[in-house]
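I have placed the structure first, in the form of structure tokens, so that the comments after it can refer back to it.
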Amino acid sequence: MYGKKIAVIHGTTEDIVTALVKSGNYDIVIRGHTHKLEVKPGKCMMINPGEICGYLSGKKTVILLDPEDLSYEPIVL
């Protein structure tokens, strides 16, 4: 997509997420399972969209990402 390399992982093993971000192989790492909205810009952007259903956190969130320029907007539903 727009020449970007993207990794997706669903899990809580921080060492794996950190390794993917630091590997230099990806432009974007999208991770989940923690139910916490988080975006860390950088050479490799890390995105956690949070929790769309709001069941555990009480917050329904998503991230809208423009893959061309990597601009993003957190959305609270």
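The values are calculated or read from the model by the stated rules, or taken from the named source; none is laboratory data. Everything numeric in this text was worked out from a predicted model, so none of it was measured. Reconstructed Cβ throughout: ideal geometry from the backbone, glycine too, with neighbour counts over all protein chains shown. Ligands, DNA and RNA are excluded from the accessible area calculation, which covers all protein heavy atoms including side chains. Shrake-Rupley method; radii C 1.70, N 1.55, O 1.52, S 1.80 Å.
Grab the other residues whose beta carbon is less than 10 angstrom from that of residue 34, score K and R as +1, D and E as -1, and report the net. Mind showing how you got there, number by number?
On the way: positive: 31, 36; negative: 14, 38, 51.
Charge balance near residue 34 sits at -1.
For the pair residue 18/residue 59, report the inter-label distance in nm, with labels modelled 7 Å from Cα in the Cβ direction.
The answer from the label model is 2.3 nm.
To the nearest 20 Debye, how big is the dipole of the chain about its Cα centre, given +1 on the beta carbon of each Lys and Arg and -1 on that of each Asp and Glu?
Result for the chain is approximately 160 debye, rounded to the nearest 20.
Rank these residues by their accessible area, most exposed first, probe 1.4 Å: 62, 8. All intermediate terms of the calculation are to be shown ahead of the outcome.
Values: 62 35, 8 115 Å².
Greatest to least solvent exposure: 8, 62.
Measuring with a 1.4 Å probe in the full set of protein chains, what accessible area per residue, in whole Å², belongs to the chain?
Heavy-atom accessible area per residue stands at 67 Å².
Among residues other than residue 45 whose Cβ falls under 12 Å from its Cβ, what is the net charge (Lys/Arg +1, Asp/Glu -1)?
Every neighbour counted, the sum reads +1.
Divide by every residue of the chain the summed helix terms, -39500 (n - 2.57) for each DSSP H run of at least 4, and state the resulting mean residue ellipticity at 222 nm, rounded to the nearest 500 deg cm²/dmol.
Rounded to the nearest 500, the figure is -3500 deg cm²/dmol.
Measure off, as a whole percent, the carbon and sulfur share of the 1.4 Å-probe accessible area of the stretch 1-59, all protein chains present.
Reported share for carbon and sulfur atoms: 56 percent.
Please report the accessible area of residue 6 (heavy atoms, 1.4 Å probe, ligands and nucleic acids excluded) in Å², nearest 10.
Here the accessible area works out near 70 Å².
Using the charge dipole of the chain (Lys, Arg: +1 at Cβ; Asp, Glu: -1 at Cβ; taken about the Cα centre), state which of 3, 62, 13 has its Cα farthest towards the positive end.
13
Given a Förster radius of 25 Å and the C-beta distance between residue 76 and residue 25 as r, what FRET efficiency does 1/(1 + (r/R0)^6) yield to the nearest 0.05?
0.20
Tell me the net charge near residue 76. Cut-off is 10 Å between Cβ atoms, residue 76 excluded, with +1 for each Lys or Arg and -1 for each Asp or Glu.
Working: positive: 59, 60; negative: none.
Local charge sum for residue 76: +2.
Apply the a/c threshold of 1.5 to the C-alpha gyration tensor of the stretch 1-59 and tell me whether it is rounded, prolate or oblate.
prolate
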